[in-house]
Amino acid sequence: MVLRAWQKKCLEVAKKHYTKNNKHFLCLATPGAGKTVLAAEIAAYLLETDQIDFVICFSPSTEVSNGIKRSFSKRLNCNFDGVIGSIGCSYTYQNMRFFNDDYWKLLRNNRVFVVFDEIHHCAGSSVEEANVWGQDIAKNIQDQASFTLALTGTPWRSDLLPIALATYRDPDNKIQCNYTYSLQQAVNDGVCRNPKIVLIDNEEISVISTKQETKTYTSLQALLRDPFILYQDLIQNDVVINYIVSQGVQKLEEIRESNSDAAGLIVASSVEHAEKILEILTQKFHQSATIVTYKEAHASERINHFRFSDTQWIVSVGMVSEGTDIPRLQVCCHLSRVKTELYFRQVLGRILRISSTPNQEAWLFTLAEEKLSIFANRIDQELPDMGVLVRSNVIGKEYGVTQNDKRNKARSAENQPVKEHIEIGDFSLSDKFNDSLYQNRSSSVSASLDTFGGFRQKLIEVFISI
């Protein structure tokens, strides 16, 4: 296999690192850069130089674990399923809970190379301060393994606990990586796609209280500061879903004009939410789509089938996240209730994997909620000399008007703002401008989100290649 330039460099750095009596190596590489290929190459080197007898890999999901198994089996040219005669095996982190002492003796009695994919799931450098998976690493792997390779694309945890096997620099407590390959480098090298993030906002929102008092808001951020309006209710609303999905559908249709098998991902907040979005996709927008949730008995098989099909959309609740390799994904609609930077970057990573098709666009559509806006702008700021923030206020009469699209710009002057009646909470969408009440579930105060004015979008062209 021909390695990318960064993989060759990292391989050489790892060789020197292990030669100097260091046993733990941490590689930070942006999602989609090819960390699994690198890990298999390092394992091959250690086996060929007779430094190890066996390889064990851990990862956060069955889907990723199976992908690792395929990659290692191909590179090492042998079985990688843990049975007699194989050179290693791939497990999920959950599997560690069920290993008994007889299994861990494997590390004490043999020269074992242990690979951790997305190591940020494992916290703690000692048993006392570690989470469940971190405890297993501290007790059974940290001192017993001959070598370890920890991989991550997002080197921090939302709970701020230290990552297992990592070292931190004093006094700023910054994580120390043995090799770093940033998203900026990956985009410039043509290893990852140049993504664009679209923050969807609204400039004319009316809320009517039970006393018929009207409050108006000029942005979603202002709206969500009202304690009676919840973000979860907003992403559940038909008008919001229809608008965001419409933008994704139109962008995917444009990409599929040159990439006939290009696909989109919609990240939902719950199983019921995912099912609702699936119905909108298929019934309203006439898209082919599939759904994967924890309720699916064969979710991994469904994801694998989607990977090689020409189905347009996959709707997921946490099943198509970090490490899932589907290069034909080029559009993503973020409608999850999870608003952490870790998750936001992981979702963005699903559309960054480069493919051999002529069009390599990558688009993420999400609401301009305060935290999500901060995360998007923070990604943009990682390229201070190249990041371009493009503002656009094109407003369409119908769903499907895409911002920063030249042909839409030409006719934007003819479009007039549209108002849709929308109600948050337990009420459904209404076509009329009637007044209905949103009974807040945690308060005696009632309010109705009366209308949305024209949607507006801020396009963050995150990376401009040099």
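At a glance:
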{"quantity": "Segment 348-361, subset in contact with a helix residue (DSSP H, G or I) (Cβ under 8 Å, 6 or more places away or on another chain), more than 13 Å from Cys333 (Cβ to Cβ) and not charged (D, E, K, R), residue surrounded by the most Cβ atoms within 10 Å (Cβ to Cβ)", "calculated": "Leu352"}
{"quantity": "Any helices (runs of 4 or more DSSP H) falling wholly within segment 231-339 and containing at least 3 residues that are out of contact with any helix residue (DSSP H, G or I) (no Cβ under 8 Å at 6 or more places or on another chain) and at negative phi", "calculated": "238-256, 271-279, 299-307"}
{"quantity": "Residues satisfying the stated conditions in segment 210-221, i.e. surrounded by fewer than 16 Cβ atoms within 10 Å (Cβ to Cβ) and under 19 Å from Phe455 (Cβ atoms)", "calculated": "Thr216, Thr218"}
{"quantity": "Meets criteria (among the hydrophobic types (A, V, I, L, M, F, W, C), touching a residue at least 24 places away in the same chain (Cβ under 8 Å), surrounded by fewer than 21 Cβ atoms within 10 Å (Cβ to Cβ) and not in a loop (DSSP other than H, G, I, E, B)) for Val207", "calculated": "yes"}
{"quantity": "Output for segment 267-277, where each listed residue is out of contact with any Leu (no Cβ under 8 Å at 6 or more places or on another chain), closer than 13 Å to Lys295 by Cβ and either without any contact (Cβ under 8 Å) to a residue 60 or more places away in the chain or surrounded by 20 or more Cβ atoms within 10 Å (Cβ to Cβ) (or both)", "calculated": "Val271, Glu272, Ala274, Glu275"}
{"quantity": "Restricting segment 289-304 to residues that are touching a Ser or Thr at 6+ places or on another chain (Cβ under 8 Å) and at pLDDT 85 or above, the residue that is surrounded by the fewest Cβ atoms within 10 Å (Cβ to Cβ)", "calculated": "Arg302"}
{"quantity": "Residues being assigned to a helix (DSSP H, G or I) and in contact with a Lys or Arg (Cβ under 7 Å, 6 or more places away or on another chain) - total across segment 42-58", "calculated": "2"}
{"quantity": "Boolean, Thr357 is over 28 Å from Glu301 (Cβ atoms) and either in a strand (DSSP E or B) or in contact (Cβ under 8 Å) with a residue 24 or more places away in the chain (or both)", "calculated": "no"}
{"quantity": "Selection within segment 234-251 - more than 19 Å from Ser219 (Cβ to Cβ) and surrounded by fewer than 22 Cβ atoms within 10 Å (Cβ to Cβ)", "calculated": "Gln236, Asp238, Asn242, Gln250"}
{"quantity": "Residue count, segment 41-56 (criterion: small (Gly, Ala, Ser) and either surrounded by 23 or more Cβ atoms within 10 Å (Cβ to Cβ) or in contact with a His (Cβ under 6 Å, 6 or more places away or on another chain) (or both))", "calculated": "1"}
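The values are calculated or read from the model by the stated rules, or taken from the named source; none is laboratory data. These figures come from a predicted structure and were not determined experimentally. Here Cβ is always computed from backbone atoms with ideal geometry, including for glycine, and neighbour counts include all displayed protein chains.
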